[in-house]
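Okay, so here's the structure we're looking at.
The values are calculated or read from the model by the stated rules, or taken from the named source; none is laboratory data. Keep in mind the model is a prediction, meaning the values are calculated, not measured. Reconstructed Cβ throughout: ideal geometry from the backbone, glycine too, with neighbour counts over all protein chains shown.
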Amino acid sequence: MRYTDLIFDLYGTLVDIHTGDDRPEVWEKTAFYFGFYGAHYTGAQLRKAFAAAMAQREAAAGQSYECYPDIPFEQVMAQLFRDKGVHTDADTLGRNAAQLYRIASLDYLRLYPCVRSSLAALRRSGRRLWLLSNAQHIFTAYELNYLGLPRYFDGVLLSSDYGCRKPDIRFYQALLTQQRLDPAACLMIGNDRQTDIAGAKAAGLATLYMHTNLTPSDQAPADPALAPGAAPAGCRHMEYEGSDFRALTPLLLSL
């Protein structure tokens, strides 16, 4: 069957990224920003307060086998301003603090080679392209612009906008319902078996697992017998080793 709709994960699938979220200096720099506006934390205090506030919100949202809540990062930052008595413009300060934190944590952010040319070729072939990412809007919307990606997609869904994240089936269903997509004609492409692939299968999508440098280390490499073009006819799950989009593109065009 020809897949008319290709649904991509972002980080680890199209984008190579490395962050130092746990580095003390990231929290210390963010704490400076809080202090500039009268909300005084040390880096360690801010990190601890953030973790506690996020955990409280996640617990209130509930989590079960099919429920994976995603809390907007900037809302928690805004709460931490208010907790210190800073209420004026707390939402704006929370957004700015979230972005400062992200920038301070970034070591690099780059596309895998040939991603843009691959997406362009897939669009020219008549496929519709969608992005479904476990991501914070306050970070990722701007990173997509930085990388020049939005023009290649027919739609972008970021998990923090929907309050749930992969593998939660509700996140996939949001795309399918909004765009009236036929699951049988959709192929999910992602680098994580436990989120991208498991959730997509539950939602009735065909899947292509990419084993990249950002795939969790406990997940198995791609099975060559399931590579596009080698997988049995009618197979609804395929696997690909690496992030070489120059080689992957003709395989995707053949599906």
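Find the residue count for the range 206-236, including only residues that are modelled with pLDDT of 95 or more and in contact with a helix residue (DSSP H, G or I) (Cβ under 6 Å, 6 or more places away or on another chain).
So the answer is 3.
Tell me, yes or no, whether the range 69-83 has at least one residue that is touching a Phe, Trp or Tyr at 6+ places or on another chain (Cβ under 8 Å) and acidic (Asp, Glu).
Quick first cut of the range 69-83, residues touching a Phe, Trp or Tyr at 6+ places or on another chain (Cβ under 8 Å) only: 70, 73, 76-77, 80-81.
Checking which are acidic (Asp, Glu) leaves us with 70.
The answer is yes, given that some residue of the range 69-83 is touching a Phe, Trp or Tyr at 6+ places or on another chain (Cβ under 8 Å) and acidic (Asp, Glu).
Out of everything in the range 142-154 that is within 26 Å of ASP168 (Cα to Cα) and surrounded by fewer than 16 Cβ atoms within 10 Å (Cβ to Cβ), what residue ends up being farthest from the chain's Cα centre (by Cα)?
So in the range 142-154, the residues within 26 Å of ASP168 (Cα to Cα) come out as 142-144, 149-150, 152-154.
From what is left, the residues that are surrounded by fewer than 16 Cβ atoms within 10 Å (Cβ to Cβ) are 142, 150, 154.
Details: TYR142: 13, PRO150: 14, ASP154: 17 Å.
If we take residues in the range 142-154 being within 26 Å of ASP168 (Cα to Cα) and surrounded by fewer than 16 Cβ atoms within 10 Å (Cβ to Cβ), then ASP154 is farthest from the chain's Cα centre (by Cα).
Cβ-Cβ distance below 7 Å, separation of 6 or more or different chains: which pairs start in the range 11-33 with a residue that is outside the structural domain of PRO150 (by TED's automatic domain parsing) and within 18 Å of LEU80 (Cα to Cα) and end on one that is modelled with pLDDT under 95 and surrounded by fewer than 14 Cβ atoms within 10 Å (Cβ to Cβ)?
Listed by first residue and then by second, the contacts come to VAL26/GLY20.
Taking the stated definitions as given, is ASP168 out of contact with any Leu (no Cβ under 9 Å at 6 or more places or on another chain) and not assigned by TED's automatic domain parsing to the domain that holds GLU58? Walk me through it before giving the result.
On the way: out of contact with any Leu (no Cβ under 9 Å at 6 or more places or on another chain): yes; not assigned by TED's automatic domain parsing to the domain that holds GLU58: yes.
Against the criterion (out of contact with any Leu (no Cβ under 9 Å at 6 or more places or on another chain) and not assigned by TED's automatic domain parsing to the domain that holds GLU58), ASP168 qualifies.
Among residues belonging to the range 110-128 that are surrounded by fewer than 16 Cβ atoms within 10 Å (Cβ to Cβ) and in contact with a Leu (Cβ under 9 Å, 6 or more places away or on another chain), point out the one that is farthest from SER160 (Cα to Cα).
First, the residues of the range 110-128 that are surrounded by fewer than 16 Cβ atoms within 10 Å (Cβ to Cβ): 110, 113, 117, 120, 124-126.
Filter once more, keeping what is in contact with a Leu (Cβ under 9 Å, 6 or more places away or on another chain): 110, 125.
Numbers: ARG110: 22, SER125: 31 Å.
Out of the qualifying residues, it is SER125.
List, please: which pairs have Cβ atoms under 7 Å, are six or more places apart or on different chains, and start with a residue in the range 117-140 that is over 14 Å from LEU157 (Cα atoms) and end with one that is of a type in the set (Val, Ile, Thr) and in a helix (DSSP H, G or I)?
From residues that are over 14 Å from LEU157 (Cα atoms), the pairs are SER118/THR249; ALA121/THR249.
Can you confirm whether the range 164-172 contains a residue that is in contact with a strand residue (DSSP E or B) (Cβ under 7 Å, 6 or more places away or on another chain), under 23 Å from THR249 (Cβ atoms) and touching a residue at least 12 places away in the same chain (Cβ under 8 Å)?
No, the range 164-172 has no match at all.
Quick check on this structure: which one of TYR3, TYR41 is buried (at least 18 other Cβ atoms within 10 Å of the Cβ), of a type in the set (Phe, Trp, Tyr) and closer than 29 Å to LEU149 by Cβ? Write out each step before concluding.
Values: TYR41 fails: closer than 29 Å to LEU149 by Cβ.
After applying the criteria, what remains is TYR3.
For the structure I just gave you, tell me whether LEU122 is closer than 14 Å to PHE245 by Cα and either at pLDDT 95 or above or more than 24 Å from the chain's Cα centre (by Cα) (or both).
Working: closer than 14 Å to PHE245 by Cα: yes; either at pLDDT 95 or above or more than 24 Å from the chain's Cα centre (by Cα) (or both): yes.
The answer is yes for LEU122.
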